[in-house]
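Asks: Submitted below is the structure of interest, expressed as structure tokens.
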Amino acid sequence: MEKYTELLKNAYEAMDNAYAPYSNFHVGACVKTKDGKYHKGANIENASYGLTNCAERSALFHVYSLGYRQDDIECMAIVGQGNTLITPCGACRQVLVELLKRDTPIVLGTGEKVLVTNIEELMPMAFTSDDL
Ligand code: THU
């Protein structure tokens, strides 16, 4: 798990930038690209609640906006408050299926708990471009 220490540290730092005045639930994410860079994202809420952007989407959209693509991504982390492991919501899973490779490590963390998974495990039988 030590290889993810820096990744998790960046994800926890990202939580500080969450804009979450409605839920007060701060989530942080970090995407590590293969060039060794760490890209942070946080949840950004809206008074029209459905327009909220989750932390993992904030981080991944930013990475894609910089020009990186699936093959450039080494791993990502998602961390949150509380005692239960945070796992991506359904909407985010659909985004992760599109923007990550199936086996790219996704590190989920909260407090002492850490779980390394990937989008294949989180969203089996997903609808993808292969189905079009
Ligand atoms: N949230 C995330 O940012 N990522 C997740 O994986 C789960 C939920 C955010 C959305 C909302 O701002 C707050 O957490 C409460 O649902």
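The values are calculated or read from the model by the stated rules, or taken from the named source; none is laboratory data. Everything numeric here is computed off the predicted structure, so don't read it as measured data. Quick reminder, even Gly has a Cβ in these numbers, built from the backbone with ideal geometry, and neighbours come from all protein chains shown. All accessible areas refer to the heavy atoms of the entire protein, side chains included, with ligands and DNA or RNA removed. Shrake-Rupley method; radii C 1.70, N 1.55, O 1.52, S 1.80 Å.
Asks: For the chain, taking Cα atoms only, what is the radius of gyration to one decimal and the Dmax to the nearest whole Å?
Replies: Expressed in Å, the Cα Rg and Dmax of the chain come to 13.9, 41.
Asks: Let me ask something else about it. State, as an integer percentage, the relative contact order of the chain based on alpha-carbon contacts under 8 Å between residues 6 or more apart.
Replies: 20 percent
Asks: Put 132, 66, 108 in order of accessible area, largest first, 1.4 Å probe: what do you get?
Replies: So, going from the largest accessible area down, we get 132, 66, 108.
Asks: Moving to a separate point now. When only the heavy atoms of the protein chains count and the probe is 1.4 Å, how do 4, 38, 64, 19 rank by accessible area, highest first?
Replies: So the residues, ranked largest to smallest area, are 19, 38, 64, 4.
Asks: Give me the accessible area of residue 62, 1.4 Å probe, in Å² rounded to the nearest 10.
Replies: Ignoring ligands and nucleic acids, residue 62 comes out at about 90 Å².
Asks: Which number gives the lysine pairs in the chain that have C-alpha atoms under 21 Å apart and are eight or more places apart or on different chains?
Replies: Eligible lysine pairs with Cα atoms under 21 Å apart amount to 18.
Asks: Further question: Return the calculated 222 nm mean residue ellipticity for the chain, to the nearest 500 deg cm²/dmol, obtained by summing -39500 (n - 2.57) across DSSP H runs with n ≥ 4 and dividing by the residue count.
Replies: -7500 deg cm²/dmol
Asks: So, in nm, how far is label residue 25 from label residue 3 when the simple model puts each one 7 Å beyond its Cα toward the Cβ?
Replies: Placing both labels 7 Å along Cα→Cβ, they lie 3.1 nm apart.
Asks: A further question follows. Can you name the helices of the chain, as whole DSSP H runs, whose Cα span along the helix axis is 27 Å or more and whose Kyte-Doolittle mean is not below 1.0?
Replies: none
Asks: Would you mind working out the accessible area per residue for region 59-132, using a 1.4 Å probe, and quoting it in Å²?
Replies: Accessible surface, normalised per residue, equals 54 Å².
Asks: Something else now. Per the 1.4 Å probe, what fraction of the accessible area of region 2-131, in percent, lies on carbon and sulfur atoms?
Replies: Answer for region 2-131 is 51 percent, counting heavy atoms of protein chains only.
Asks: A follow-up question, please. Pick from 71, 35, 103: which residue has the top mean-square fluctuation in a GNM of the chain where Cα pairs under 10 Å get a spring?
Replies: 35
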